1. Which is under 26 Å from S279 (Cβ atoms) and of a type outside the set (S, T, N, Q), of A153, A182?
2. Out of the residues in the stretch 203-233 that are surrounded by 20 or more Cβ atoms within 10 Å (Cβ to Cβ) and assigned to a loop (DSSP other than H, G, I, E, B), state the one that is nearest to the chain's Cα centre (by Cα).
3. Just to be sure I understand, how many residues within the stretch 18-42 are touching a residue at least 24 places away in the same chain (Cβ under 8 Å) and within 20 Å of Q89 (Cα to Cα)?
4. State all residues of the stretch 106-120 that are closer than 12 Å to A19 by Cβ and among the hydrophobic types (A, V, I, L, M, F, W, C); if no residue qualifies, say none.
5. Kindly indicate whether A119 is surrounded by 12 or more Cβ atoms within 10 Å (Cβ to Cβ) and closer than 26 Å to F84 by Cα.
6. Show me the helices (runs of 4 or more DSSP H) entirely contained within the stretch 280-357 in which 1 or more residues are exposed (fewer than 15 other Cβ atoms within 10 Å of the Cβ) and within 22 Å of the chain's Cα centre (by Cα).
7. Looking at the stretch 138-177, which of its residues are under 27 Å from the mean Cα position of the chain (by Cα), at pLDDT 85 or above and among the charged types (D, E, K, R)?
8. Could you list all residues from the stretch 160-209 that are closer than 29 Å to T247 by Cβ, free of Cβ contacts under 8 Å to residues at least 60 places away in the same chain and of a type in the set (K, R)?
Amino acid sequence: MKKEVRQLREKAINSLVLAIEHFNRPWDRGRTEAVLILLDHSFEMLLKATIRQRQGKIRKPREKQTIGFDACVRKGLTEASLRFLTEEQALTLQSINGQRDAAQHYLVDMSEHQLYFYAQAGVTLFRDVHDDVFEEKLLIRLPERVLPVSTTAPKDLVTLFDNEIDEIKGLLAPGKRKKMDAVAKARSLAVLESAVKGDYEQPSDGELEKVCKRLAEGEAWPSVFPGVASINITAENDGPSLSLRLTKNEGTPVHLLKEGEGAGAVVAVRRVNELDFYSLGAAQLAKKVGLTTPKSRAVVDHLNIRDDPDCFKKITIGGITHPRYSPKAIKRIQQALEGEPIDEIWAAHREKQKVGK
């Protein structure tokens, strides 16, 4: 094993152990955030260790930074020479990453049952990937006591989310004045729903308020969160060998698909309606990133976003072709503008236009 792989794997295991330690602590201050952040970090390190173990690359040509979490998942799922993830494992990773994003950057109110689910499913997935790739039992490197402990472990997601919805409705009851608390609690469900749909953008407070309103008016939660309703969990064994895995309900349409062929295929969650995924026109995209439409188009050209099927697609309706962008295009533009001023991109764009005339 190369030194780089060994060090990445060690960091991954360290973060996993710390995540479990924080889960089992007897006080709650910062506990949810610590568990999700450390669990997410453990997986990014494990994914990179695995990619390097299988002779893959974790840096793009001429890039100083290594690739991010999403790119690691995509490599592990689509590159034939590297593949070490199943579709359901990728969905679990996307869900954990989305919950971490919400916990680290804003507000999320996650129940004890939900936190246990993500912690135990995370340990199971880490163990599955580690043991398969490195052909060594993870338990050899961990004390037997290193396991998330819960006195009320959830048996299935349906019951878990039934309880979550009841709590949200209780917070929305007349006279409670706890709408913000309800929104924070609904966020964890919405993040999982987004992961199932392949949408990596965090839900806004406005969107969550609409969700809460639908629930308060009595709409059934499987209708509000159809993606969440299409998955469940399976449990095997107990003690240090306990396994908890995210699974698809038989007969549901939610699963991961390849769009395109070959090593460059893009992986996304199945889109029942492509307009739901490619949900933005050019003007809407510009508004989301806080730019004028011409400047937004300049950044799109600069980043070659139209060449990325995960961000852009031309959809034909009634003989008319509509250029459409996915929420992931927002993320790419925002990340690019953090390192490169819009004025420079705009100036270069204008110069190209002059030369082209």
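1. Working: A153 fails: under 26 Å from S279 (Cβ atoms).
It is A182.
2. Among residues in the stretch 203-233 that are surrounded by 20 or more Cβ atoms within 10 Å (Cβ to Cβ) and assigned to a loop (DSSP other than H, G, I, E, B), the one nearest to the chain's Cα centre (by Cα) is P203.
3. 9
4. Correct list: L115, A119.
5. Working: surrounded by 12 or more Cβ atoms within 10 Å (Cβ to Cβ): yes; closer than 26 Å to F84 by Cα: yes.
Yes: the conditions hold for A119.
6. Numbers: elements: 282-289, 293-302, 327-339, 342-356.
Counting at least 1 such residues, we get 327-339.
7. D162, E164, D166, E167, K169
8. Answer for the stretch 160-209, where residues must be closer than 29 Å to T247 by Cβ, free of Cβ contacts under 8 Å to residues at least 60 places away in the same chain and of a type in the set (K, R): just K169.
The values are calculated or read from the model by the stated rules, or taken from the named source; none is laboratory data. These numbers were taken from a predicted model, which means no experiment stands behind them. Here the Cβ is made from the backbone with ideal geometry for all residues, glycine too, and neighbour counts use every protein chain on show.
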